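> Please find one structure pasted underneath; my questions will follow.
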Amino acid sequence: MIADITISEKSFGPKTLMHGIKFSIDDGEKIGVIGRNGVGKSTLFGILAGTDKDFTGDIIYKRGTVVVATAQEHHDLGEQTVLQYILSGLPEYSELRHIIETYPLTMGDDMDKINQYTDAVQRCDDKGFFKIEEHVTRELDNFQLPDVAHRPLASLSGGQKRLVEVVKIMHSNAHLALVDEPTNHMDYIAKAQFIDWLRDAREAVLVITHDRDVLKEVDRIVELKDGESVSYKGNYDAYLKQNAVSTGTQMNDFEMIEKRIANLKVKVLDYQRLKEKSRNPGTIQKFKRLEEVSRKELAELQAKEKPTFWIDKESVAGLNYKVAAQYDKFKAKNIRNHQRNKYCRQWLKRTFGTRPT
Ligand SMILES: Nc1ncnc2c1ncn2[C@@H]1O[C@H](COP(=O)(O)OP(=O)(O)O)[C@@H](O)[C@H]1O
Ligand SMILES: [Mg+2]
């Protein structure tokens, strides 16, 4: 394991965004993070990258773990070219290059320096550094960024900088690479190049994405939902299978609760009526107690939070028929409630002339 992540609270002002995030990352594991917009994926990214420290919990990395993340913002780039920026993230590159460029001028007969120089040349060759510029330039071409290698990074558009970030990450050889929505603006050639890298990468990669083609390649899916995380072993197909089962169970549980609530409401009224009708103090006492017990259970069930049964449309198609029908029913009910609330607000506004809060 290279990382163990627990976030027990992350809030923005009064709004709590996360309260139960927990998962770990194994060496070399590829993790896809999914969840609907606004659920907190990018916020989680900032926390893992260490740029956001304002949360309660622990992000524990194994000692010596090097973590790299695609940068969201770029400041103080100066005249640094795209190639220089990418190569600056390459471990050992600058040191070896420095030796190769400067030692021949000064080493003379110094055997130590001659050995260091020879080693550096060998190591550069082994690591493919002599061809790295060509290699990176080709990757940039594939990412629809031709002729940018020697241009200042600062002169590129936001979308182009994001692609440069992905190329940089691909060469960083870290233990864990964090990548936020990499394929959003990629065509299929660029995407194929990214996926090839993901498949072969030795480092662990955590990628936030909705892209099915990327999610097919991961070892695990972490879904953010209602402030919590659920971790599913396997790729997206495995996730769909497991999710159909657990969503079905949740919906069944919730329907059972709704039925029980309806039942209890009737019981409370019955006991109340029976209590009022009785003359015998013992019987009155009995119905009073039954009424209280039912009221208590009713209050507890009504206080239970409604789970959000969110699954994307295609996943619903992948669910079995019965679960899909239940899901549609639940969604329709939510929409009706929403409509009703809207009509209610409009009605209040017409009646009172102000916008109710
Ligand atoms: N700096 C911030 N201040 C206040 N609210 C924020 C801030 N950053 C994000 N949020 C809110 O937190 C929620 C989650 O945002 P984000 O992590 O970007 O979601 P995602 O990437 O899953 O779409 C959103 O409702 C967003 O408005
Ligand atoms: Mg985001």
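The values are calculated or read from the model by the stated rules, or taken from the named source; none is laboratory data. Everything numeric here is computed off the predicted structure, so don't read it as measured data. Neighbour counts are summed over all protein chains in view; Cβ atoms, including those assigned to glycine, are modelled from backbone coordinates with ideal geometry.
> Can you list the helices (runs of 4 or more DSSP H) found entirely within the stretch 192-308 that contain at least 2 residues being farther than 26 Å from residue 17 by Cα and free of Cβ contacts under 8 Å to residues at least 40 places away in the same chain?
Details: elements: 212-215, 236-277, 281-303.
Hits in the stretch 192-308: 236-277, 281-303.
> State which residue pairs qualify: first residue over 13 Å from residue 209 (Cα atoms) and free of Cβ contacts under 8 Å to residues at least 60 places away in the same chain and inside the stretch 34-49, second residue more than 7 Å from ligand 1 (Cβ to nearest atom) and not charged (D, E, K, R) in any location, beta carbons under 7 Å apart, and separation of 6 or more residues or different chains.
Pairs found: 47/7; 47/55; 47/59.
> Of the conditions (1) loosely packed, with under 13 Cβ neighbours inside 10 Å; (2) at pLDDT 95 or above, residue 9 satisfies every one except a single condition; which number is it?
So residue 9 meets the others, but not (1).
> So which of 243, 252, 173, 235 ends up being among the polar types (S, T, N, Q) and in contact with a Lys or Arg (Cβ under 6 Å, 6 or more places away or on another chain)?
Details: 243 fails: in contact with a Lys or Arg (Cβ under 6 Å, 6 or more places away or on another chain); 252 fails: in contact with a Lys or Arg (Cβ under 6 Å, 6 or more places away or on another chain); 173 fails: in contact with a Lys or Arg (Cβ under 6 Å, 6 or more places away or on another chain).
When all the criteria are applied, what remains is 235.
> Name the strands (runs of 3 or more DSSP E) wholly within the stretch 13-128 that hold at least 1 residues that are modelled with pLDDT of 95 or more and in contact with a Ser or Thr (Cβ under 9 Å, 6 or more places away or on another chain)?
Working: elements: 15-18, 21-25, 30-34, 56-61, 67-69.
Ranges flagged: 15-18, 21-25, 30-34, 56-61.
> Among the listed residues 68, 82, which satisfies the condition of being closer than 19 Å to residue 181 by Cβ, among the aliphatic types (A, V, I, L, M), more than 14 Å from the chain's Cα centre (by Cα) and more than 16 Å from ligand 2 (Cβ to nearest atom)?
Details: 82 fails: closer than 19 Å to residue 181 by Cβ.
None of the others qualify; the one that does is 68.
> Could you run through the stretch 293-313 and say how many residues are modelled with pLDDT under 80 and of a type in the set (S, T, N, Q)? Walk me through how you get there before you give the answer.
To start, the set of residues in the stretch 293-313 that are modelled with pLDDT under 80 comprises 304-313.
Among the residues that remain, those that are also of a type in the set (S, T, N, Q) are: 308.
Number satisfying all stated conditions: 1.
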